[in-house]
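Taken together, the values in this text are just the output of simple stated rules run on the coordinates, not laboratory data. Model, not experiment: these values are computed from the prediction. Note: ideal-geometry Cβ built from the backbone for every residue, glycine included; neighbour counts use all protein chains shown.
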């Protein structure tokens, strides 16, 4: 019997060829990618300037992914396909490390080394901070007191 290093009581991980898992990742990836494309089209970057759209996308992805993972790990009975759908699929399609790398490389190749360095430092710092904030918010939500639907008494 395999072991789950994160939570021994958790359901076994999905098999990579599980058709429902593959569909969850593919469908989520489609939605995340379409959303990112919409943001990129609506928030065009000026050449050789700080790529704000990609920065905002990656930082927001870090925030939401941290929240999602905390909720999945801390709340019982989370649907089995939620993580592949939202984490790997939607947020994998939403965030874009490849565009981050291309933006950084392009800025550097065109002599904008200070902007490239600021972009890398700001993205890493803001993404880590966003993940910490997201995890903290999700932990507070996961352990909030529950109230009865009938009210007091």
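Quick notes
- At an R0 of 25 angstrom, the distance between the Cβ atoms of residue 41 and residue 102 translates into a FRET efficiency of 0.90.
- Taking a point 7 Å out from the Cα of residue 143 in the direction of its Cβ, the residues of region 53-82 whose backbone N falls within less than 13 Å of it are 74-75.
- Take the Cα of residue 136, step 7 Å toward its Cβ, do the same at residue 26, and the gap between the two points is 4.1 nm.
- Region 31-85 has equivalent-ellipsoid semi-axes of 30, 13, 5 Å, by the square roots of 5 times the alpha carbon gyration tensor eigenvalues, sorted largest first.
- Helix 113-142 axis versus longest C-alpha principal axis of the chain: approximately 10°, rounded to the nearest ten.
- Shape category assigned to region 69-153 from the gyration tensor of Cα positions, a/c cut at 1.5: prolate
- Alpha-carbon Debye profile of the chain, log10 I(q)/I(0) at 0.09, 0.16, 0.17 Å⁻¹: -0.40, -0.98, -1.04
- Mean separation of Cα contacts under 8 Å, 6 or more apart, over the residue count of the chain: relative contact order %: 33 percent
- Estimated 222 nm signal from helices in the chain, with DSSP H stretches of n ≥ 4 weighted -39500 (n - 2.57), rounded to 500: -21000 deg cm²/dmol
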